[in-house]
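Heads up: the structure comes next, in structure tokens.
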Amino acid sequence: MNCFVCSKKKKDFEVWHNKTVIAATYDSEFQNDEQIQKMSNKSIICHDCMQSIKNKVDEKRK
């Protein structure tokens, strides 16, 4: 599996599997992030990229 954002090959336990899971997990500001919006229901994103997006969204709130 390759991450949608960084394209690095990841193992199953290192990724978030689809936009639905992300939508249920994070708030609307996170869901509106450009990278998250580009994801399809079959895209995967690694935990490191998820964390960097979360950090970016949190910084915008300050």
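For the chain, with all protein chains present and a 1.4 Å probe, just round the carbon and sulfur fraction of the accessible area to a whole percent.
Numbers: 2090 of 4260 Å².
Carbon plus sulfur share of accessible area: 49 percent.
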Inset, instruction - Using just the helices of the chain, give the 222 nm mean residue ellipticity in deg cm²/dmol: DSSP H runs with n ≥ 4 each add -39,500 (n - 2.57), and the total is spread over all residues, rounded to 500. - result: -13000 deg cm²/dmol
Legend entry - Where the chain is the region considered: accessible area per residue in Å², 1.4 Å probe: 69
Inset, instruction - May I ask for the angle, rounded to the nearest 10°, between helix 47-61 and the longest principal axis of the chain, with both axes built from Cα atoms and the value confined to 0 to 90°? - result: 10
Inset, instruction - Sticking to Cα atoms, compute the Rg of the chain to one decimal and its Dmax as the biggest Cα-Cα distance, whole number, in Å. - result: 11.0, 34
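The values are calculated or read from the model by the stated rules, or taken from the named source; none is laboratory data. These numbers come from a predicted model, not from an experiment. Each accessible area value is taken on the protein alone, full model and side chains, heavy atoms only, with ligands, DNA and RNA left out. Shrake-Rupley method; radii C 1.70, N 1.55, O 1.52, S 1.80 Å.
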